[in-house]
Amino acid sequence: MLVLDGKLAAAAVKEVLKAETAELVKKGMPAPHLAAILVGNNGASETYVASKVKNCEETGFESTLIRLPVDTTESVLLETIQSLNNNPSIDGILVQLPLPKHISEEKVIETIDPRKDVDGFHPSNIGRLVQGLPTFIPATPYGILLLLAHYNISTKGKHAVVIGRSNIVGRPMSILLSSNIPQGNCTVTLCHSHTPNLKELCLQADIVVAALGKPEFVTADMVKVGAVIIDVGITRVEDATAKKGFRIKGDVLYQDVAPKASAITPVPGGVGLMTIAGLLKNTLQAYQNNRG
Ligand code: NAD
């Protein structure tokens with residue numbers, strides 16, 4: 001069984017980006033610049049944004065973190081995004097989700113200039129993805145493709161079962177795996193909360209992508225021997241014995257599923273780190289599209 005190590009694969013992606021950025025700076029060009037907006041102080045969001053900023057620094061990118069209080073109005077947030085849209089020194093914009101309930105995520109995503117939408121959530125970018133046109137691939141599915149590529153996992157002709165149909169992970173993942181791209185050409189089954197025979201479908205899968213946000217949901221009796229298991233789930237589960245008072249759990253019961261799998265991602269240390277690699281690649285792409 002092969003452990004698909006997100007730390008190693010992300011480091012390899014970042015090494016290339018770092019060299020490309022150093023080359024630009026050597027020529028007197030500015031470095032790619034990512035702006036992140038964080039509304040409120042959700043603990044998990046704080047961690048994700050801090051990690052994105054740190055990874056920008058490590059790669060030689062510029063980053064700007066804009067922190068807004070939890071009671072920020074929707075119009076103030078939209079104005080903040082507009083000013084970043086209009087700022088030529090900003091290449092990529094991300095708004096950390098989830099947002100407070102009084103703000104429409106849909107409006108926020110639609111306000112980001114699609115040319116700076118490095119999370120790849122804007123409807124026009126999703127439309128391009130569906131049509132196989134150049135676009136920003138949503139960071140988590142992009143990270144998974146990069147991980148599969150890093151480990152030379154063949155996907156062509158395989159049956160992939162994706163659990164979860166969210167706009168940011170499951171649905172774009174299902175589209176990409178079925179697309180005619182190097183890490184695609186699968187026959188894909190997209191499962192969700194109304195899928196009655198999930199276990200039967202998973203048992204037929206050569207590749208399982210678990211993205212439902214239910215800790216340790218995928219158990220050994222649901223996977224066939226030799227399957228490739230991609231665990232996207234990240235849930236904080238309270239645990240008084242842990243230093244921080246919680247542990248991070250994936251959607252897969254790792255210790256039971258791993259012995260049956262041919263390859264599997266750990267949580268933490270798998271898809272999460274690759275998501276940042278995908279985001280950084282999109283940011284450099286935005287820079288090349290808009291300023292290159
Ligand atoms: P979401 O809540 O938006 O969507 C969950 C999906 O799972 C829904 O489509 C729902 O239909 C499906 N689902 C729920 N219960 C189900 C069940 N019993 N059987 C089958 N399907 C079921 O979640 P999301 O934003 O896609 O995130 C999913 C998980 O991935 C979460 O744990 C999240 O924290 C994690 N995540 C990780 C990364 C990363 O970088 N590793 C990035 C984004 C999300």
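The values are calculated or read from the model by the stated rules, or taken from the named source; none is laboratory data. What you see is a predicted model; the values in this text were computed from it and never measured. Positions of Cβ are backbone-derived with ideal geometry, glycine not excepted, and every protein chain shown enters the neighbour counts. Calculation scope for accessible area: heavy atoms of the full protein, side chains included, ligands and nucleic acids excluded. Shrake-Rupley method; radii C 1.70, N 1.55, O 1.52, S 1.80 Å.
A compact table of results
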read-out: Per-residue ³J(HN,Hα) for the stretch 115-129, Karplus 6.51 cos²θ - 1.76 cosθ + 1.60, θ = phi - 60°, Hz, x for Gly and Pro; value: 6, 10, 7, 6, 7, x, 9, 5, x, 6, 6, 5, x, 5, 4
read-out: Value of [θ]222 nm, deg cm²/dmol, for the chain, DSSP H segments ≥ 4, -39500 (n - 2.57) each, nearest 500; value: -12500 deg cm²/dmol
read-out: Percent of beta bridges antiparallel (DSSP, the chain, rounded to nearest 5); value: 10
read-out: Number of Lys pairs (Cα under 28 Å; 8 or more positions apart or on different chains) in the stretch 80-207; value: 4
read-out: Cubic angstrom per residue, convex hull over Cα atoms of the stretch 174-292; value: 146
read-out: Mean Cα-pair separation over length for the chain, i.e. relative contact order, pairs under 8 Å, 6 or more apart, %; value: 21
read-out: Reachable aspartates and glutamates from residue 52, criterion Cα separation under 18 angstrom, eight or more residues apart if same chain; value: 15, 62, 91, 117, 119
read-out: Within-14-Å neighbourhood charge of residue 249 [Cβ basis; K, R +1; D, E -1]; value: -2
read-out: Aspartates and glutamates whose Cα lies under 15 Å from that of residue 214, excluding same-chain neighbours fewer than 8 positions away; value: 231, 238, 251
read-out: Protection proxy ranking, peptides 176-187, 199-210, average beta carbon neighbours within 10 Å, highest first; value: 199-210, 176-187
read-out: Counting DSSP beta bridges with both ends in the stretch 139-272, the antiparallel % (nearest 5); value: 20
read-out: Label-zone membership for the stretch 147-183, site residue 200, 7 angstrom Cα→C-beta point, backbone N under 20 Å; value: 159-164
read-out: Shape call, the stretch 28-113: gyration tensor on alpha carbons, a/c limit 1.5; value: oblate
read-out: The stretch 139-272: relative contact order as a whole-number percent, Cα under 8 Å and 6+ apart; value: 21
read-out: Per residue value of the accessible surface for the chain (all protein chains in place, 1.4 Å probe), Å²; value: 47
